[in-house]
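The values are calculated or read from the model by the stated rules, or taken from the named source; none is laboratory data. Note that the structure is predicted; figures quoted are calculated from it, not measured. Heads up, the Cβs are rebuilt from the backbone with ideal geometry, glycines too, and the neighbour counts pull from every protein chain shown. All accessible areas refer to the heavy atoms of the entire protein, side chains included, with ligands and DNA or RNA removed. Shrake-Rupley method; radii C 1.70, N 1.55, O 1.52, S 1.80 Å.
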Amino acid sequence: MLTLAWFVVVLVGAFALAYINASGIVWSAGLAVALAVGWGTQAVPEWLALIFFVVFVLLALPLNVPALRRKLLSDPVLAAFRKVLPPMSQTEREAIEAGTVWWDGELFSGKPDWNKLLAAPRPTLTPDEQHFLDHETEELCAMVTDWETTNVHRDLPPAVWQYIKDKGFWGMNIAKEYGGLGFSAYAHSQVMTKLSTHSGTVSVTVMVPNSLGPGELLAHYGTEAQKRHYLPRLAKGLEIPCFALTNPNAGSDAAAIPDYGIVCWGEHDGKRTLGLRVTWDKRYITLGPVATLLGLAFRAYDPDHLVGDKEDIGITCALIPTSHPGVAIGRRHLPLNAVFQNGPNWGKDVFIPMDWIIGGQPMLGRGWRMLMECLAAGRGISLPSSATGMAKLAVRATGGYARVRTQFKTPIGKFEGIEEPLARMGGNLYMMDATRVLTTTAVDLGEKPAVLSGIAKLHLTERGRQVVIDAMDVVGGKGICMGPANFVGAAYMQLPVAITVEGANILTRSLIVFGQGAIRCHPYVLKEMEAARATDSVKASTAFDAALFGHIGFTLSNMARTLVTGITGSHFVRVPSAVAPETRRYYQQLTRFSAALAFLADVSMGSLGGALKRKEKLSARLGDILSLMYLCSATLKRYEVEGRQPADAPLMHWAIWDAMFKAQTAFEGVISNFPNRAIAAVMRRIVFPLGRPYVVPSDKLGHEVAKLLLEPSATRDRLTAGVYIPETDDNPLTLIERALAATLAAEPVEAKIRAAAKERRLDAKLPAGAGLDVLVERAQTAGVITVTEGVAVLSARDLTAKVIRVDDFPQDLGVSEATLGATMGAQPASSPSVVQKVAA
Ligand SMILES: Cc1cc2nc3c(=O)[nH]c(=O)nc-3n(C[C@H](O)[C@H](O)[C@H](O)COP(=O)(O)OP(=O)(O)OC[C@H]3O[C@@H](n4cnc5c(N)ncnc54)[C@H](O)[C@@H]3O)c2cc1C
């Protein structure tokens, strides 16, 4: 009995030491005390105590004497690690090392310091930025309709191009000293979000020069002369830029581009000049067909050693005027019927001088790192903003539509079946916007958040797609028949563009988020890899030893924390007292996820080693867990920043419950598919010791969220803040807004009319199936409603009829006309509205 008690105490003590990640000395002292007590109390027989003691000395001595520890333990592990470490190319290494680690590091730590998240500043706009958003951005929206742009002009009208250039839309990310607007990432994102609520073509046209466009590359890596020459011209639209990386044979695997430049002497401006003879073939290049300045990525070679020892110098970025002899600009692609300018370009043996390399000769071969660093910021802003913008439009318009559109004498938004997609739309959008804003906060804090921007790009475009698909299902045929009255069809068609560009989503999910996240965010893995690659053997041994034993303590600690938080439902996890009480449990659950992810990641990396890179499905699920924790963090941050709005709480709760359930599914997916079944069984016991506790958001919660989308309110305005609603009579969203207000105003009047009709107060001889106009007229005559109330009812019907109508076109869809689009746009809808029918 005594022996058992001693054993239990030792086990609990060891667990406690693992939990707090105790140092080697504390572990040794703890074990020494345990042995002494066991021997002294005779809980352990003397012979066994002696064996334990010998084992203890044999372990404790090398573990606590660094030189011995390295020789006996770390160095052999280092040698083995070097053998299994997968080979990494220069480009892979640069991609992994690009950017910085921010909140993602905390999420990977096993015990995130929530105070850091809470302390992140609330982003705000300067007066200039706010003015630009309220005036220039609104004005730009007012200048276009997506339908006309796409179907009439097949391009932005010239006046719109000019407005974009003149007002500096292409220079949002260019510093004021170079003539740009010098906007914060947050302001840039606000502008992109608003534009995307109105026109995909405008949004993409503005987006590209502000993300990967050479402006960003120049600002960070250009020579002073290049900056002085190009940045003011780019900022004012005197140059139309594009950036060409993708080759027909290298899309996702962009580092494998076969485009090349040979360092050589040539002639430029009549002088013998050192430069490169470049050959390339690019496709899908946004703004390419109209560009005046081509940013070009190619691999530089120096076979004659004119600039150094290396023959294969590496990926290099240059700026080439498209007027330069040999530059061929092709025709246009038509990406999912969107008409932003996009097309191929190519050149063969085109000589360019060395100072056209971005950053000049010293930056030869540094292009990949430049691209990765710049992508880290741009990817976190542009596509997350455009996906959120499209989702805002879809949510605002669809919620209103679902309220005014009735079937079975009921607004469709009140059917439980429709509540489900509506709740998903609301919850997803709340989380998307939160993530968009938090990611721009990181960029404005000076971070280049490589992993977080990948997460934002991947998950916001995926959720944006889900929101738009849900919108399509809710609005039915209205979303399917294209025309100026369709508010969601274009987004439905074009969202896959966002899914594919700037790192296609499947690739990002399968390879990047966890692949890069585990190495960059993990406190020890990168250190171990760096030590393994170090050439100085003493330094390598010392660094590896420190990283290895830190790593072991980290893993043991996370294992203990995962199990304890699992058993206790994480009720005892400490959370900052500053958080809203209704969110406290979420912080605790996320801390549990953090420990479990760190534990699972270590077990996966430890047992699968380099093979994990090829286990993309496991890697994707581990990445999903990290991503969902980031999305939840952003959601909780938003809730705090916006003052814990009680009316918004259902959106926050829905988003978090949904994400926690999805995270649980991802954990389950990793464990169920883990190749080593014995390890999987242990992992399951540790991660889910009492089963799987997370469930989908309840139907009741979904009902509350759906309700928020159906009626005007401060919550609906906050959720869709920034959506462009013009004051014109033909914009579908404007019509929905008006119809919604009119419907809600008319409903009490209609109730009075119905009650009077039931009591036969309107007229005993009311014809069967009498129309609304008859009812209104009789209700007015009978004094049941006033004339104003009657007008309100008819106007609600009129507006609703306009909202539900769809466009129709001539028999040949206008093919016989000179311009198909003009004819299509010009046709009035054939079916008159209810009020028109009534009037007739
Ligand atoms: C409208 C549009 C605009 C664009 N603008 C530009 C531009 O301005 N400049 C520019 O340089 N490029 C541009 N691109 C190119 C874009 O970046 C590429 O389309 C993208 O990188 C994907 O390459 P791909 O289309 O050749 O697909 P592929 O590389 O053939 O990929 C096909 C599928 O395979 C998946 N996949 C590939 N490798 C893996 C892997 N290891 N694991 C899992 N899945 C994988 C991808 O995720 C994708 O789903 C644009 C593309 C489009 C369509």
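Summary table
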{"item": "Residue count for region 201-220, restricted to those that are in a helix (DSSP H, G or I), under 21 Å from R366 (Cα atoms), touching a Cys at 6+ places or on another chain (Cβ under 8 Å) and open to solvent by 10 Å² or more (accessible area, probe 1.4 Å)", "result": "2"}
{"item": "Residues being within 15 Å of L156 (Cα to Cα), assigned to a loop (DSSP other than H, G, I, E, B) and more than 10 Å from the ligand (Cβ to nearest atom) - total across region 322-340", "result": "2"}
{"item": "Subset of region 63-87 that is free of Cβ contacts under 8 Å to residues at least 60 places away in the same chain and within 11 Å of A532 (Cβ to Cβ) - its residue that is most open to solvent (accessible area, probe 1.4 Å)", "result": "K83"}
{"item": "Those residues of region 659-689 which are touching a residue at least 40 places away in the same chain (Cβ under 8 Å), small (G, A, S) and within 16 Å of S619 (Cβ to Cβ), in sequence order", "result": "A663, A666, G669"}
{"item": "Cβ-Cβ under 6 Å pairs, at least 6 apart or on other chains, region 399-410 side aromatic (F, W, Y), far side part of a helix (DSSP H, G or I)", "result": "Y401/V475; Y401/I736"}
{"item": "Test result for L744, of a type outside the set (F, W, Y) and open to solvent by less than 40 Å² (accessible area, probe 1.4 Å)", "result": "no"}
{"item": "Of residues in region 298-309 being surrounded by fewer than 19 Cβ atoms within 10 Å (Cβ to Cβ) and hydrophobic (A, V, I, L, M, F, W, C), the one farthest from the ligand (Cβ to nearest atom)", "result": "L306"}
{"item": "Subset of region 738-786 [farther than 30 Å from G413 by Cα and of a type in the set (A, V, I, L, M)]", "result": "L762, A764, L766, A782"}
{"item": "Subset of region 221-256 that is touching a strand residue (DSSP E or B) at 6+ places or on another chain (Cβ under 6 Å) and open to solvent by 50 Å² or more (accessible area, probe 1.4 Å) - its residue that is farthest from the ligand (Cβ to nearest atom)", "result": "A256"}
{"item": "Entirely in region 438-549, the helices (runs of 4 or more DSSP H) that have 1 or more residues that are within 16 Å of the ligand (Cβ to nearest atom), under 21 Å from the mean Cα position of the chain (by Cα) and not small (G, A, S)", "result": "450-475, 489-500, 513-521"}
{"item": "H198, sole failed condition from (1) more than 13 Å from the ligand (Cβ to nearest atom); (2) more than 23 Å from the chain's Cα centre (by Cα)", "result": "(2)"}
{"item": "Residue check for E737: farther than 14 Å from R405 by Cβ, of a type outside the set (V, I, T) and either open to solvent by 60 Å² or more (accessible area, probe 1.4 Å) or in contact with a strand residue (DSSP E or B) (Cβ under 9 Å, 6 or more places away or on another chain) (or both)", "result": "no"}
{"item": "Meets criteria (surrounded by 21 or more Cβ atoms within 10 Å (Cβ to Cβ), modelled with pLDDT under 95 and closer than 30 Å to L612 by Cα) for A532", "result": "no"}
{"item": "Single condition T435 does not satisfy, out of (1) closer than 15 Å to A634 by Cβ; (2) without any contact (Cβ under 8 Å) to a residue 40 or more places away in the chain", "result": "(2)"}
{"item": "Unique residue being within 16 Å of the ligand (Cβ to nearest atom) and in contact (Cβ under 8 Å) with a residue 12 or more places away in the chain when the list is L181, L217", "result": "L217"}
{"item": "Matching residues, region 257-266, being within 16 Å of the ligand (Cβ to nearest atom) and open to solvent by less than 30 Å² (accessible area, probe 1.4 Å)", "result": "I257, D259"}
{"item": "Residues of region 296-323 satisfying the condition of being in contact (Cβ under 8 Å) with a residue 60 or more places away in the chain, small (G, A, S) and under 14 Å from P241 (Cβ atoms)", "result": "A297"}
{"item": "Residue check for T562: assigned to a helix (DSSP H, G or I), within 16 Å of the ligand (Cβ to nearest atom) and under 29 Å from the mean Cα position of the chain (by Cα)", "result": "no"}
{"item": "Test for L334: is it open to solvent by 20 Å² or more (accessible area, probe 1.4 Å) and within 30 Å of A490 (Cβ to Cβ)", "result": "yes"}
{"item": "Members of region 411-423 found to be without any contact (Cβ under 8 Å) to a residue 40 or more places away in the chain and basic (K, R), listed by number", "result": "none"}
{"item": "Region 267-297, residues that are among the hydrophobic types (A, V, I, L, M, F, W, C), more than 10 Å from the ligand (Cβ to nearest atom) and in a strand (DSSP E or B)", "result": "L274, L276, V278, W280, L293, L294"}
{"item": "Given (1) among the aliphatic types (A, V, I, L, M); (2) open to solvent by 50 Å² or more (accessible area, probe 1.4 Å); (3) at pLDDT 95 or above; (4) over 24 Å from L526 (Cβ atoms), index of the condition A578 fails", "result": "(3)"}
{"item": "Unique residue being free of Cβ contacts under 8 Å to residues at least 40 places away in the same chain and either over 19 Å from the mean Cα position of the chain (by Cα) or buried (at least 17 other Cβ atoms within 10 Å of the Cβ) (or both) when the list is V695, V641", "result": "V695"}
{"item": "Among the residues listed as G483, G489, G477, the single one being over 20 Å from E704 (Cβ atoms), free of Cβ contacts under 8 Å to residues at least 40 places away in the same chain and of a type in the set (G, A, S)", "result": "G489"}
{"item": "Hits in region 472-489 - residues which are aliphatic (A, V, I, L, M) and out of contact with any Leu (no Cβ under 9 Å at 6 or more places or on another chain)", "result": "M472, V475, I480, M482"}
{"item": "Any hit, region 605-612, residues being hydroxyl-bearing (S, T, Y) and buried (at least 20 other Cβ atoms within 10 Å of the Cβ)", "result": "no"}
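Listed here are the residues, each with its yes/no results for (1) out of contact with any Pro (no Cβ under 9 Å at 6 or more places or on another chain); (2) in a loop (DSSP other than H, G, I, E, B); (3) modelled with pLDDT under 95; (4) of a type outside the set (G, A, S).
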{"position": "E737", "(1), (2), (3), (4)": "no, no, no, yes"}
{"position": "P767", "(1), (2), (3), (4)": "yes, yes, yes, yes"}
{"position": "R778", "(1), (2), (3), (4)": "yes, no, yes, yes"}
{"position": "L813", "(1), (2), (3), (4)": "yes, yes, yes, yes"}
{"position": "T823", "(1), (2), (3), (4)": "no, no, yes, yes"}
{"position": "P828", "(1), (2), (3), (4)": "yes, yes, yes, yes"}
